[in-house]
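In what follows, a structure is listed as structure tokens, so that the remarks can point back to it.
Read-outs: derived from the displayed coordinates by stated rules, not from any lab. What you are looking at is a predicted structure, and each value in this text was computed from that prediction instead of being measured. Backbone-built Cβ (ideal geometry, glycine too); neighbour counts: all protein chains shown.
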Amino acid sequence: MTRLIDVPLLRATPESLKGFGEIVHDPKTHKVHIVPWPVKGHRRLDPGTGDEGGTTEGIFACEWQGDELRGVNAAVGGDYVLGYRTAPGHVHLWHVNYHPDGGQFFWPVDGRPFVVPAGPPGEDPAPEKFVAFWSDGSFGIYLHADVWHEGPFPTAPSGRYFDKQGKVHGRVSCDLRTELGLMLNVPLPTAL
């Protein structure tokens, strides 16, 4: 049987995002930090190398299709099942990932509230440490490299987000349901 772990909902603020990311006030000027490529052994990267992949951007569109929350990320050509609806106002999250090559941000094109679930960096996700960051739609949410996450999740039937992230698009994933026997129960309120 799959366990459900309730994820606490937090209003995204500079304080609540500490250790996870930042508020995005202007998607045109907000920088995505690119992490230098890792090296093996004792030799270091030559200066000015290892972080030249840059960023990519596009629309991350989300829409409920029946009881599945589907997402299409045009920035990297991704098409995903983000989660499942089994109770009103919640999504059950089965998968999380992080990007070792750089951060990622979501800016609400439609100006509506949305939620981004996130967990602290680490080799494996810590489900009991996940939180759901809520935006009222007037600002975006940026997550640092190595932060476990999924989303964005619209609080309406659909949502469109300007997405900017590392172009290399290194992605490390965990199937929570298969690997850990659980899903995260993420609330989707329209107001806080």
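Tabulated results
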| item | result |
| --- | --- |
| Under 13 Å, Cβ to Cβ, from Val131 - net charge with Lys/Arg +1 and Asp/Glu -1 | -1 |
| log₁₀ of I(q)/I(0) at q = 0.11, 0.15 Å⁻¹ - the chain, Debye sum with one point per alpha carbon | -0.46, -0.85 |
| Förster-model FRET efficiency, 41 Å R0, Gln65 and Trp37, C-beta, rounded to 0.05 | 0.65 |
| Alpha-carbon centroid distance for the pair region 118-192 / region 38-97, whole angstrom | 9 Å |
| Global form of region 63-143, assessed from the alpha-carbon gyration tensor, a/c cut-off 1.5 | rounded |
| Difference of contour (0.36 nm per residue) and Cα-Cα distance, Leu180 to Asn97 | 28.5 nm |
| Sparse-neighbour loop sites [trypsin sites (Lys or Arg not before Pro); region 1-69; at most 16 other C-beta within 10 Å; DSSP] | Lys18, Lys28, Lys31, Lys40, Arg43, Arg44 |
| Nearby lysines by direct alpha-carbon distance to Lys18 (threshold 16 angstrom, same-chain neighbours under 8 apart not counted) | Lys129 |
| Distance histogram for region 91-192 (every C-alpha pair counted, 10 angstrom bins, percent rounded to whole numbers) | 16, 47, 33, 4 |
| Order by protection proxy (mean Cβ within 10 Å, highest first), peptides 112-124, 175-187 | 112-124, 175-187 |
| Those lysines that a straight Cα-Cα span of less than 21 Å connects to Lys28, excepting residues fewer than 8 apart in one chain | Lys164, Lys167 |
| Spin-label pair Lys18/Asp124, simplified geometry with 7 Å Cα→Cβ offset, distance in nm | 2.9 nm |
| Gain in span if fully extended, Leu9 to Leu45, counting 0.36 nm per residue against the direct Cα distance | 9.0 nm |
| Total charge dipole magnitude, region 14-81, about the Cα centre, Cβ charges on Lys, Arg, Asp, Glu only, Debye to nearest 20 | 460 debye |
